[in-house]
Amino acid sequence: MSTKYPRRQFIQDSGIGLSSMAIASLLSRQSMATTSDEKAVARSVIFLYMSGGPSQVDTFDPKPALKKYAGQDVPESIARNVPPIKRSGLKNVMPSHWEFKQHGESGISVSALLPHTAEHVDDLCVIRSVQHRNPVHGPGECVCLTGVSNGERPSIGAWSTYALGSDNENLPSFMAMNIHSDGMQYPQRAGWSTGFLPSKHQGILINPKTGIQHTQLPKGTIKERREKQLQLLEFLNEQHRKAKLNDDALQARIKSYEMTGRMQVAAPELFEWETTETNATKMLYGIAEENTHDTAVACLLGRRMVERGVRFVQIRVGGWDAHGNIKSNHTRQAARTDKPIAGLLTDLKQRGLLDSTLLVWAGEFGRTPTMEGKANGRDHSPNGYSIWLAGGGVRGGQIIGQTDDLGYVVTERPVSPFDYHATILAALGVNPAELSYNHLGRDETPLFNDGAVIPEVFNS
């Protein structure tokens, strides 16, 4: 009498089994979305998310008038344009602690806080006129990464992978890293969530020090032997598929197990940077330096990911919230991030990857030009702040938009998070107006009835 051996048991005994939710999130097959445009320039995106809200008037938006009005109330000509929610922050104008200087052939002014990034201004498109309506960290983080404050819509990373999938079937298409966690309970998961999109487009949160959870080969397993096991498993799966061609759920589940198995072979190599990268490359990122080490490893891994076909990489650096002593706070945060990010720009360019990789640097909002209380800090301000883009078809060495004389409110070319999300998708060759997913009977798009590509960003 024959004994049946359940398929699930076979997979578990082979050391390949994971929970169904984890497996679903690891899928990175090519999406069914048909919105690809032949004009695509970028193949991948690295989103450098500066959590907490970097101050625009201390980084990329110089305001000499801050010295003129130091210690005074914000002039009525500016104050009357400030939304009511922030009208309490109109007293005691505070100049920046850092001088601004022009850099590069473009002459873009950057604060002395970011000397390494300043060396790359000719590659940067600085947008000084981003705005939205939410001054709270958690909802603001959701706005920055999903477009809305409730965290219920797909992140821009999920939209990107839904549209295009991955160029490497052995790795997730969307990977996220959380560096220097600030301890605040923001809804961080919204930043790499799928919202209403299928869960296979969710970002995989990884630890740069340990890699992707559950992808290490079982102890005693040789890589070559695992590859032979996977070949056998795929053969058996194919026979089973042929017998149940109309079972979509089964097809998806089989593919997910196969993906997980392939990752056990491919993923560990991604994190072997200590033995495969040169000392010169490590020095470029600042890996050996205490202040920069963690961000440097994340940025280096970001390069290795896009090099291997990962579609979307998100690096979250916490700690930019500066209600008290902004000089100390921003000095620390700049020390953590400036050299690694500049190293990433240099490394991508040297390897010929910058043209095919879009970099985005952004926080959830900016900060007020006034001092908060007597703490020598700045409060939250979503009314007008700065981000930058580089690589991936971006026309560097330019500034888009502007704020008032104190950097409080946008006065020219307002840009919303939906606008720069649309621009990210356009760089990838996706028409954001045509990309859609039917949710509860409604064709949802990344634009959410708002937002448009910023055409000035691109070279042509």
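Table for the structure above
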quantity	calculated
Tally of residues being within 18 Å of V110 (Cα to Cα), touching a Lys or Arg at 6+ places or on another chain (Cβ under 8 Å) and in a strand (DSSP E or B) across the range 332-370	1
Condition check for K349: free of Cβ contacts under 8 Å to residues at least 40 places away in the same chain and charged (D, E, K, R)	no
Hits in the range 371-397 - residues which are part of a strand (DSSP E or B) and in contact (Cβ under 8 Å) with a residue 60 or more places away in the chain	E372, N376, H380, S381, Y385, S386, I387, W388, L389, A390, G391, V394
Condition met for R308 (of a type in the set (K, R) and within 23 Å of W98 (Cβ to Cβ))	no
Single unsatisfied condition, A422 versus (1) over 24 Å from E99 (Cα atoms); (2) not in a helix (DSSP H, G or I)	(2)
In the range 242-292, residue surrounded by the fewest Cβ atoms within 10 Å (Cβ to Cβ) [restricted to those that are within 23 Å of I204 (Cβ to Cβ), among the polar types (S, T, N, Q) and modelled with pLDDT of 60 or more]	T276
Scope the range 281-326; condition among the small types (G, A, S) and either in contact (Cβ under 8 Å) with a residue 24 or more places away in the chain or closer than 21 Å to S193 by Cα (or both); matching residues	G286, A296, A298, G302, G309, G318, G319, A322, G324
Looking only at the range 385-399, and only at residues there that are of a type outside the set (A, V, I, L, M) and surrounded by 24 or more Cβ atoms within 10 Å (Cβ to Cβ), the one that is farthest from P62 (Cα to Cα)	G392
Of all residues making up the range 63-93, the number that are touching a strand residue (DSSP E or B) at 6+ places or on another chain (Cβ under 7 Å), farther than 25 Å from V143 by Cα, surrounded by fewer than 22 Cβ atoms within 10 Å (Cβ to Cβ) and in contact (Cβ under 8 Å) with a residue 40 or more places away in the chain	4
From Y437, Y408, Y385, residue being over 30 Å from M283 (Cα atoms) and under 18 Å from the mean Cα position of the chain (by Cα)	Y385
Residue that is under 20 Å from H421 (Cβ atoms) and modelled with pLDDT under 95, where the choices are H214, H137	H137
Number of the condition not met by A375 [criteria: (1) buried (at least 21 other Cβ atoms within 10 Å of the Cβ); (2) in contact with a His (Cβ under 8 Å, 6 or more places away or on another chain)]	(1)
Index of the failed condition, V121 passing every other in (1) farther than 18 Å from P417 by Cα; (2) touching a Lys or Arg at 6+ places or on another chain (Cβ under 7 Å); (3) of a type in the set (A, V, I, L, M, F, W, C)	(2)
Residue match in the range 400-408 (condition: in the same structural domain as V57 (by TED's automatic domain parsing), out of contact with any Lys or Arg (no Cβ under 8 Å at 6 or more places or on another chain) and not charged (D, E, K, R))	yes
Condition broken by A118, with the remaining ones in (1) touching a residue at least 24 places away in the same chain (Cβ under 8 Å); (2) touching a His at 6+ places or on another chain (Cβ under 8 Å) satisfied	(1)
Unmet requirement for P115, which otherwise passes all of (1) surrounded by fewer than 18 Cβ atoms within 10 Å (Cβ to Cβ); (2) at pLDDT below 95	(2)
Condition check for D450: in a strand (DSSP E or B), modelled with pLDDT under 95 and over 27 Å from D123 (Cα atoms)	no
The range 118-143, residues that are surrounded by fewer than 24 Cβ atoms within 10 Å (Cβ to Cβ) and assigned to a helix (DSSP H, G or I)	A118, D122, D123, H137, G138, P139
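The values are calculated or read from the model by the stated rules, or taken from the named source; none is laboratory data. Model, not experiment: these values are computed from the prediction. Cβ: placed from backbone, ideal geometry, glycine included. Neighbour counts: every protein chain shown.
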